[in-house]
Amino acid sequence: MQHSSKSPSRWKVFLMLSAWSRWLPVPRWSWFQVRISTLLLFIMLCSVFVAWMRDRAEMKEEILELQTRFHSIGKPSWGIAQVLGPPDTKGFGDIRTAWASRTPDEQEEWIIAYFDKEVKPEELRVHETYNPGALHKVSIFTQLGNEVTVWSGTDPTPQSSGGGVSKIAMETIWQTKKVKIYLDSKGVPGWNEIDAIGLVDTSGNVHWAKMAEASTSYSDYYPGSNVYPYQGVTTVDVPFCGMTQVGPVPPNKD
């Protein structure tokens, strides 16, 4: 009798819960499966995109390395190869062992420097040897190739100093091996020449540029010559592999 008196109350609770469950929003299994498959597809596409971006960046660096090796042959005067490695320009002035742009004041110029490995940067050192003071912005590139500005302002090396080392503090969470500097060539008259670019890591080690590219260079020359293909009016005969080649004359720096 005691057992039978409790049974109806349990059944009532069960029936009440069954009735309430009809009004509860219970997700269907098919809906859940669709959402999981969509998420997995999105993750897969993101992984493919990231891998493609990395491969693209690595391929560009390999091509640039080949170009750098080619342009490093004989280190043409005022060419982009002059910024590679530690500084080697003795003193300040219009000296061939530093990089110079195609023209003195025609446009804003930039240099991208590549280093051996990715580091957490602390400081950038730009060795300016002629008409300094044009440096106004520095950016780095992440592993995916995104450009991030880490500094902008007035060049620490005054225009009246003749030259010097501009030390730029770099506050960033990103590691990098690729740095870009911007030069206000129009704002600082004359060729703004750069001898070397050093990247200082958090341990105080200085890494020098291994490869580099620039907006323009004074001596992106024909093989066997030292003439830049500048769109000038006058042309000269340049010896090239035993033949005579007509090459335009760059703005005079001598």
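The values are calculated or read from the model by the stated rules, or taken from the named source; none is laboratory data. Values in this document were obtained by computation on a predicted structure and should not be read as measured data. Cβ: placed from backbone, ideal geometry, glycine included. Neighbour counts: every protein chain shown.
Structure above, values below:
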{"item": "Test: Val179 is under 15 Å from the mean Cα position of the chain (by Cα), assigned to a strand (DSSP E or B), within 22 Å of Ile80 (Cβ to Cβ) and not basic (Lys, Arg)", "result": "yes"}
{"item": "Selection within region 102-111 - buried (at least 19 other Cβ atoms within 10 Å of the Cβ) and either modelled with pLDDT of 95 or more or closer than 18 Å to Thr157 by Cα (or both)", "result": "Glu109, Ile111"}
{"item": "Verdict on Thr172 being crowded, with 17+ Cβ neighbours inside 10 Å and either touching a Pro at 6+ places or on another chain (Cβ under 9 Å) or assigned to a loop (DSSP other than H, G, I, E, B) (or both)", "result": "no"}
{"item": "Total residues in region 186-195, condition part of a loop (DSSP other than H, G, I, E, B) and either surrounded by 24 or more Cβ atoms within 10 Å (Cβ to Cβ) or not small (Gly, Ala, Ser) (or both)", "result": "5"}
{"item": "Where a residue in region 144-157 is at pLDDT 95 or above and aromatic (Phe, Trp, Tyr) and its partner, wherever it lies, is part of a loop (DSSP other than H, G, I, E, B) and crowded, with 17+ Cβ neighbours inside 10 Å, with Cβ under 8 Å and at least six apart", "result": "Trp151/Met170"}
{"item": "Every residue from region 103-154 that is in contact with an Asp or Glu (Cβ under 8 Å, 6 or more places away or on another chain) and assigned to a loop (DSSP other than H, G, I, E, B)", "result": "Glu108, Lys120, Asn131, Pro132, Gly133, Ala134, Gln143"}
{"item": "Candidate set: region 70-99, residues that are within 16 Å of Ile112 (Cα to Cα) and not in a loop (DSSP other than H, G, I, E, B); chosen: the one modelled with the lowest pLDDT", "result": "His71"}
